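S.K.: This is the structure, below, for whatever I ask next.
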Amino acid sequence: MITSPAPAAPHWVQLALSVLGILGGSTGLAAIATVVVQRGKFKADAADTLTEAALTLVQPLQTRITQLEGEALNARSELNVLREQVNQLQFLVRVLNRTLDRWRAAIRAPDATLRKVRATVAETDRSTEDR
């Protein structure tokens, strides 16, 4: 097999091709390096955007939760007041039931007289004035 020598190109052409290859390669590497560096920036920008969007959504919810907590606190306070009032009313109903039972007993007693019934009622009036 006979091989023919490669045609010799002028030296300046070989040098120009080498320089273009190096510049093209470095440009390519620079482009790749830029993309890699920018990729981190893109991730950071995306994270910032997502964080801002999340805060935008969460802030109204936090405001509403604060309002609801205040309303719940007020409702609990009112509930405690109402419970106390109910307790007082239950006590009063028990007292009035006992009074009514005494009056009924005085009226239904076999030896009931108008004077005895009046005395029982008057006794109840005196005991309520003492309170």
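S.K.: Please report, in Å, the Rg and the Dmax of the stretch 44-124, where both are computed over Cα atoms only.
M.R.: Here Rg and the maximum Cα pair distance are 31.2, 99 Å.
S.K.: Also, quick follow-up: Using a cut-off of 14 Å between beta-carbons, work out the net charge of the residues near Pro110 (Lys and Arg +1, Asp and Glu -1, Pro110 not included).
M.R.: Values: positive: Arg104, Arg108, Lys116; negative: Asp111.
Net charge in that neighbourhood comes out at +2.
Any read-out appearing in this document is the output of simple, stated calculations on the displayed coordinates, not a laboratory observation. For clarity, every value in this text was computed on a predicted model and none was experimentally measured. Ideal geometry is used to build each Cβ from the backbone, glycine not excepted, and the neighbour counts take in all protein chains shown.
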